[in-house]
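Here the structure comes first, spelled out in structure tokens, and everything after it is commentary.
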Amino acid sequence: MSDPHKAGNAYDYPLLIKHLLHTPLANAPQQEIVYADRSRHDYLIFRQRIGRLAHVLHTLGVRQDSTVAVMDWDSNRYLECFFAIPMMGAVLHTINVRLAPEQMLYTINHAEDDFILVHTEFVPLLEQIYDRMERPVKIIMLSDNAEAELALDAVGEYEDLLTQATAEFDFPDFDEQTRATTFYTTGTTGNPKGVYYSHRQLVLHTLGACAGLASADKQGWFRRGDVYMPITPMFHVHGWGIPYVATLMGVKQVYPGRYAPDRLLSLIDREKVTFSHCVPTILHMLLSDQLVNDIDLSNWRVAIGGAALPRGLAETALAHGIDVFSAYGMSETCPFISAAHLDAAVISAGPEEQLKYRCKTGRAAPMVEMRVVDETMNDVPHDGRTTGEVVVRAPWLTQGYLKDKEKSEELWSGGYLHTGDIGHIDENGYLKVTDRLKDVIKSGGEWISSLSLEDIVSTHPAVGEVAAIGIPDEQWGERPMLLIVRTDQSATVESIQQHIQKHVDAGDLTKWAIPDRVEFVDAIVKTSVGKIDKKLIRQQYVK
Ligand code: AMP
């Protein structure tokens with residue numbers, strides 16, 4: 001007899017990625033998906049192309065236990081891979097095309113790729129490592145140019161293969177816990193670590209992020225009427241998972257290809273893009289381009305994540321009419337954890353308060369339990385001051401690192417995912433990440449937040465970009481050091497120190513945060529996903 005306390009299911013609806021497609025196909029079949037200047041089609045064609053791609057891959061031998069990797073710029077093809085590959089029950093490996101060839105090879109072997117779909121631009125890269133792949137790998141070429149020649153014994157070119165295939169493909173039901181995607185995160189030491197997600201996790205992340213963004217009250221929303229363009233590479237945490245959200249909502253989507261500031265700005269202008277997300281350095285790059293002064297950005301909402309939103313950058317963006325705000329997450333969290341949406345009380349408190357809240361790390365997204373804890377896993381007070389480590393639970397967090405039991409257990413010690421970030425939560429539930437545990441500057445017994453210091457320096461009128469690191473000091477343990485890209489010569493060591501001093505006098509920072517050493521540089525090194533690379537800066541400056 002069935003248990004009367006269990007609700008039971010007539011059809012045990014598995015949370016599979018294929019089910020994200022019902023709503024857009026029913027409600028928005030004619031909505032457009034645009035790939036830069038190259039293609040434009042509706043969701044009906046998109047669905048057919050998913051079927052064709054699955055047909056091609058199946059004919060070539062892809063099965064439920066296969067791993068299919070992609071090396072492409074952001075494109076409609078990539079979006080098709082986001083769906084077709086996991087919908088077949090295979091695993092999608094999104095290769096970070098910015099990794100060094102040796103690291104890339106490591107990820108290809110570690111993920112056990114069977115197929116690689118590679119854009120012609122990355123063929124030379126793949127040629128360097130092809131002979132050292134540990135498994136037989138079949139190559140499919142992705143080309144933006146009809147005349148491109150096949151290389152690496154490729155079985156064919158994507159568009160050619162799709163044209164020859166039928167759109168009919170019967171995507172089966174299977175266990176929602178099946179692994180759908182894998183990608184690699186580069187830690188501070190050792191080899192890249194594989195992070196992986198199941199269908200269930202990706203579907204719940206899509207629903208959670210959709211609810212979190214669409215329910216925003218006064219600003220920072222992402223809703224049906226929007227036009228979406230990601231500026232976070234699709235290889236990095238599935239473009240922060242927002243392409244799945246955009247597809248579920250059936251919004252117009254614009255994929256920009258390789259990121260070049262003038263192309264991105266022209267697309268925003270021409271396609272009337274209203275919602276994007278990126279790391280601060282990308283927004284900084286766009287706002288430093290000449291073209292920015294010729295286009296209207298006042299309908300553009302931009303979620304900034306991957307690193308803290310510096311106050312100076314937020315001010316510049318707001319001056320262009322952009323609705324800029326922070327969002328938070330990491331590779332291991334799928335990634336959406338929180339967003340800094342302003343509520344009515346903050347808005348009515350005026351521009352200064354709004355700016356402050358836009359630059360916080362945000363309130364927890366639906367279904368996310370976000371805590372700040374001390375070393376014994378006790379919650380610290382929510383007073384907007386007391387810091388601890390941010391730990392989280394949500395139904396979409398990675399369960400660990402691929403084939404790495406020890407690091408997986410470390411990640412989840414105490415039953416919560418440890419972000420490795422330090423922060424505080426205020427009375428209204430807004431988190432502010434003040435540093436990475438490993439980036440905090442420990443000077444004379446004080447913990448100086450490198451992010452707060454950067455934030456303050458970013459508001460100096462002649463500072464373009466800034467990075468703060470701790471350098472060893474015999475007397476104080478560490479002392480802060482700044483790297484600055486200045487916009488004009490009025491940024492001198494003295495003027496920077498005076499600028500920080502004002503904030504020390506106002507009680508925003510400890511006096512130990514005033515650096516003795518300031519280096520003016522032409523550029524600040526970035527990681528493969530465009531964030532300030534503090535590991536490399538330390539290697540350069542800490543001897
Ligand atoms: P990744 O795994 O490369 O996406 O990096 C995730 C890390 O970026 C987090 O653990 C944080 O240290 C940092 N991060 C992401 N979003 C924010 C944010 N809004 N504010 C501050 N740091 C952030």
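The values are calculated or read from the model by the stated rules, or taken from the named source; none is laboratory data. What you are looking at is a predicted structure, and each value in this text was computed from that prediction instead of being measured. We place every Cβ from the backbone using ideal geometry, glycine too, and count neighbours over all the protein chains shown. Surface areas here come from the heavy atoms of the whole protein model, side chains and all, with no ligands, DNA or RNA. Shrake-Rupley method; radii C 1.70, N 1.55, O 1.52, S 1.80 Å.
Condition first: at pLDDT below 95, in contact with a helix residue (DSSP H, G or I) (Cβ under 9 Å, 6 or more places away or on another chain) and buried (at least 18 other Cβ atoms within 10 Å of the Cβ). Can you find one or more residues in region 536-543 that meet it? No; the residues of region 536-543 include none that is at pLDDT below 95, in contact with a helix residue (DSSP H, G or I) (Cβ under 9 Å, 6 or more places away or on another chain) and buried (at least 18 other Cβ atoms within 10 Å of the Cβ). In region 345-354, the count of residues that are within 16 Å of the ligand (Cβ to nearest atom) and surrounded by fewer than 24 Cβ atoms within 10 Å (Cβ to Cβ) is zero. Thr316 meets the conditions (1) modelled with pLDDT under 95; (2) among the polar types (S, T, N, Q); (3) away from the ligand (no atom under 16 Å from the Cβ) in every case but one. The failed one is (1). Taking the criterion of being in contact (Cβ under 8 Å) with a residue 60 or more places away in the chain and either surrounded by fewer than 20 Cβ atoms within 10 Å (Cβ to Cβ) or farther than 17 Å from Ser66 by Cα (or both), the residues of region 180-193 that qualify are Tyr184, Thr185, Thr186, Thr188, Asn191, Pro192, Lys193.
Results for (1) assigned to a helix (DSSP H, G or I); (2) open to solvent by less than 50 Å² (accessible area, probe 1.4 Å); (3) within 30 Å of Thr185 (Cβ to Cβ), shown as yes or no for each residue.
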residue: Ala7; (1), (2), (3): no, no, no
residue: Gln30; (1), (2), (3): no, no, no
residue: Val34; (1), (2), (3): no, yes, yes
residue: Leu53; (1), (2), (3): yes, yes, yes
residue: Leu57; (1), (2), (3): yes, yes, yes
residue: Val62; (1), (2), (3): no, yes, yes
residue: Val70; (1), (2), (3): no, yes, yes
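For the subset of region 371-428 comprising residues that are within 27 Å of Thr107 (Cα to Cα) and of a type in the set (Asp, Glu), which member is surrounded by the fewest Cβ atoms within 10 Å (Cβ to Cβ)? If we take residues in region 371-428 being within 27 Å of Thr107 (Cα to Cα) and of a type in the set (Asp, Glu), then Glu406 is surrounded by the fewest Cβ atoms within 10 Å (Cβ to Cβ). Out of curiosity, is Ala308 in a loop (DSSP other than H, G, I, E, B) and crowded, with 21+ Cβ neighbours inside 10 Å? Against the criterion (in a loop (DSSP other than H, G, I, E, B) and crowded, with 21+ Cβ neighbours inside 10 Å), Ala308 qualifies. Among the conditions (1) in contact with a helix residue (DSSP H, G or I) (Cβ under 9 Å, 6 or more places away or on another chain); (2) open to solvent by 20 Å² or more (accessible area, probe 1.4 Å); (3) away from the ligand (no atom under 16 Å from the Cβ); (4) of a type outside the set (Gly, Ala, Ser), the only one that Pro480 does not satisfy is (2). Looking at this structure, is Glu446 without any contact (Cβ under 8 Å) to a residue 12 or more places away in the chain, more than 16 Å from the ligand (Cβ to nearest atom) and more than 23 Å from the chain's Cα centre (by Cα)? So Glu446 does not fit the description; no. In region 270-300, the residue that is farthest from the ligand (Cβ to nearest atom) out of those that are open to solvent by less than 60 Å² (accessible area, probe 1.4 Å) and farther than 23 Å from Glu465 by Cβ is Glu271.
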